[in-house]
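K.L.:
Before I ask anything, here is the structure I am working with.
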Amino acid sequence: MIVGSGPAGLTAALYAARATLDPLVVEGAAPMGQLMLTTEIENFPGFPDGIHGPELMEKIRAQAARFGAKFVTADATRVDLSRRPFVVEVGEATHEASVLIVATGATARMLGAPGEREHLGRGVSTCATCDGFFFRGVPLVVAGGGDSAVEEAIFLTRFATHVSIVHRRDRLRASKIMAARALANPKIDVIWDSVIEEVRGEGAVDRLLLRNVRTEETTELATGGLFVAIGHQPTTGLFRGQLDLDSGGYIEVRHPTTATSVEGVFACGDAVDRIYRQAITAAGSGCAAAIDAERWLETQGR
Ligand code: NAP
């Protein structure tokens, strides 16, 4: 069984199906992962003219289905990894699996400001590497103060006329070296002690309402887009207490394999990866998980 259906889960399903492992994918109530929230993807190899996120995901799913992968379109509600075979409950239904691949992904933390969700993919992004290219020649805002925010701001200076980092405190959380690099960049400024109260614009984003948390003063800032970089949350609550997780909730694996702390359970994609978080790296690790699963089954004489 495979839990999760982003690029990692579906690539694992494709490989497992071609290896005649008869995979069942619990794809979730909102299947196919974070790419369903994106528009154009230009950095997934094999698509020189780009491809829309949802179209790419439908294609990978169809490819897995072609080789016999089966799908349950609902969320897994409980797992028991202490039993053999493993038990995965999906609502009232109970499924058993001799090997399990966890590909439950992660979600970007959002600010929760009015207008933010509505503009996701229309001026609000959670991934500069993915979307920065579409914001040429406009000023941009990055929300956050950690390494991600600083890294995204530096990356975005390639495209933007100017990048403002909006941070809720008077000091960056980012590592000293990264912070110094950002602060020295003439295209970057930091708006300190400030939070984004509202994302505004008809269709596209054209301005933000900021509030200074010290003075309570509110101001409007014109911008061509907002990159939210306040951290990610791996979707691993289902496995807490059953698999070893790190302090951020990411599943621990025995790199470079995808083996978790429970024999016969493998993990891949953004539920493991706090560094790269790309569709292609997730797909690659899904492939590795399927191969690891297949080899593990062989060692079990199956
Ligand atoms: P992070 O270190 O947790 O930083 C999150 C930032 O967002 C913090 O500055 C935090 O503010 C701010 N924030 C959180 N919730 C907020 C909210 N609701 N409203 C406004 N601001 C909010 O997350 P990260 O930057 O994604 O980094 C995660 C981990 O990956 C870190 O260990 C980081 O070092 C690592 N990383 C490393 C690199 C690199 O080395 N190249 C690149 C990216 C990430 P406060 O500071 O006030 O808490």
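The values are calculated or read from the model by the stated rules, or taken from the named source; none is laboratory data. Predicted model only: the values in this text are computed from it and were never measured. Every residue, glycine among them, receives a Cβ derived from its backbone with ideal geometry; neighbour counts consider all protein chains shown. When the accessible area is computed, the model is the full protein with side chains, heavy atoms only, and any ligands, DNA or RNA have been set aside. Shrake-Rupley method; radii C 1.70, N 1.55, O 1.52, S 1.80 Å.
K.L.:
Filter the chymotrypsin sites (Phe, Trp or Tyr not before Pro) in region 184-247 down to the DSSP loop ones having no more than 13 other Cβ atoms within 10 Å, then list what survives.
P.N.:
Numbers: sites: Trp192, Phe227, Phe239; in loops: Trp192.
Sparse-neighbourhood loop chymotrypsin sites (Phe, Trp or Tyr not before Pro): none present.
K.L.:
Can you list, by residue number, the Cys in the chain that have no neighbouring cysteine C-beta under 4.7 Å?
P.N.:
Here Cys268, Cys287 come out as lacking a disulfide-compatible partner, given the Cβ-Cβ threshold of under 4.7 Å.
K.L.:
Continuing with this model, one more query. How much area per residue is accessible in region 113-247 when the probe is 1.4 Å and only protein heavy atoms are counted (Å²)?
P.N.:
On the way: 6800 Å² over 135 residues.
That works out to 50 Å² per residue.
K.L.:
When a/c is below 1.5 the answer is rounded, else prolate if a/b is larger than b/c, else oblate, so apply that to region 98-140 with a ≥ b ≥ c taken from the square roots of the Cα gyration tensor eigenvalues.
P.N.:
Values: a/c = 4.03, a/b = 1.89, b/c = 2.14.
Verdict is oblate for region 98-140.
K.L.:
Between region 280-302 and region 96-140, what is the C-alpha centre distance in whole Å?
P.N.:
27
K.L.:
Putting +1 on Lys and Arg Cβ atoms and -1 on Asp and Glu Cβ atoms, find which of Gly91, Thr126, Pro45 reaches farthest to the positive end of the dipole of the chain.
P.N.:
Most positive-ward Cα: Pro45.
K.L.:
Taking a cut-off of 14 Å between Cα atoms, list the aspartates and glutamates near Lys187, but don't count ones fewer than 8 places away on the same chain.
P.N.:
Glu151, Glu152
K.L.:
Using r as the Cβ-Cβ distance of Glu197 and Ser98, and R0 as 51 Å, what FRET efficiency do you calculate, to the nearest 0.05? Provide the component values of the computation, followed by the final result.
P.N.:
Numbers: r = 52 Å, r/R0 = 1.01.
Once the sixth-power term is evaluated, E becomes 0.50.
K.L.:
So, one more: In nm, to one decimal, how far is the Ala30 label point from the Leu297 one, both placed 7 Å along Cα→Cβ?
P.N.:
3.1
K.L.:
HN-Hα J couplings of region 83-97 from phi, Karplus 6.51/-1.76/1.60, θ = phi - 60°, integer Hz, Gly and Pro as x?
P.N.:
Residue by residue, region 83-97 yields 9, 10, x, 4, 10, 10, 9, 10, x, 7, 7, 10, 10, 10, 9 Hz.
K.L.:
How many percent of DSSP beta bridges within the chain run antiparallel, rounded to 5? Each step should come with its number before you reach the end.
P.N.:
Details: 26 of 52 bridges.
For the chain, the DSSP antiparallel bridge percentage is about 50.
K.L.:
Carbon and sulfur: what percent of the chain's accessible surface (1.4 Å probe)? Don't skip to the end; give the middle numbers.
P.N.:
Numbers: 7420 of 14740 Å².
Percent of accessible area from carbon and sulfur atoms in the chain: 50.
K.L.:
With each pseudo-label sitting 7 Å past Cα toward Cβ, what's the Arg84-Thr20 distance in nm, one decimal?
P.N.:
Roughly 2.4 nm, to one decimal.
K.L.:
Sticking with this structure for a sec: Find the relative contact order for the chain and round it to a whole percent, using C-alpha pairs within less than 8 Å whose residues are 6+ positions apart. If you can, show how the numbers build up before the last one.
P.N.:
Working: 696 pairs, mean separation 63.0, N = 302.
Normalised by residue count, the contact order of the chain is 21 percent.
K.L.:
Suppose a student asked you for the relative contact order of region 155-302, using Cα pairs under 8 Å spaced at least 6 residues apart; what percent would you report? The partial results should precede the final answer.
P.N.:
Numbers: 190 pairs, mean separation 17.8, N = 148.
The normalised contact order for region 155-302 reaches 12 percent.
K.L.:
Say the dipole of the chain comes from +1 at the beta carbon of Lys and Arg and -1 at that of Asp and Glu; which of Ala293, Ala30, Ala65 then lies farthest toward its positive end?
P.N.:
Towards the positive end, the residue furthest out is Ala293.
K.L.:
Which cross-chain or sequence-distant (5 or more) residues have an amide H under 5 Å from the amide H of Ile165, H modelled 1.01 Å from N in plane?
P.N.:
Those lying under 5 Å, H to H, from Ile165 are Val142, Asp189, Val190, Ile191.
K.L.:
Students often forget the sequence filter, so: which lysines lie under 27 Å Cα-Cα from Lys59 once same-chain residues fewer than 8 apart are removed?
P.N.:
By straight Cα distance, Lys59 reaches Lys70.
K.L.:
Additional query: Working out 0.36 nm times the residue gap between Lys59 and Glu220, then minus their Cα-Cα distance, what length gain in nm do you get to one decimal?
P.N.:
Details: separation 161, 0.36 × 161 = 57.96 nm, distance 4.19 nm.
Working it through step by step, the gained length comes to 53.8 nm.
K.L.:
As a test of reading the structure, rank Glu118, Glu152, Glu55 by solvent-accessible area (1.4 Å probe, protein chains only), most first.
P.N.:
Details: Glu118 115, Glu152 30, Glu55 90 Å².
From most accessible down to least: Glu118, Glu55, Glu152.
K.L.:
Taking amide H positions as placed 1.01 Å from N in the peptide plane, with prolines and chain starts having none, which residues 5 or more places from Val72, or on another chain, fall under 5 Å of its amide H?
P.N.:
It is Val25, Val26, Glu27, by chain and number.
K.L.:
Using amide H atoms built 1.01 Å from N in the peptide plane, name the residues 5+ places from Glu197, or on other chains, whose amide H lies under 5 Å from its own.
P.N.:
Placed amide hydrogens put Leu209, Leu210, Arg211 under 5 Å from Glu197.
K.L.:
Please work out whether the chain counts as rounded, prolate or oblate from its C-alpha gyration tensor, where a ≥ b ≥ c are the square roots of the eigenvalues and a/c under 1.5 means rounded, while otherwise a/b larger than b/c means prolate and anything else oblate? Let's see the in-between values first.
P.N.:
On the way: a/c = 2.26, a/b = 1.96, b/c = 1.15.
Prolate, because a/c is 1.5 or more and a/b exceeds b/c.
K.L.:
So for the pair Ile280, Arg169, with labels modelled 7 Å out along Cα→Cβ, what separation do we get in nm?
P.N.:
3.5
K.L.:
Rounded, prolate or oblate, given the Cα gyration tensor of region 127-204, with a/c below 1.5 counting as rounded?
P.N.:
Working: a/c = 1.88, a/b = 1.23, b/c = 1.52.
Verdict is oblate for region 127-204.
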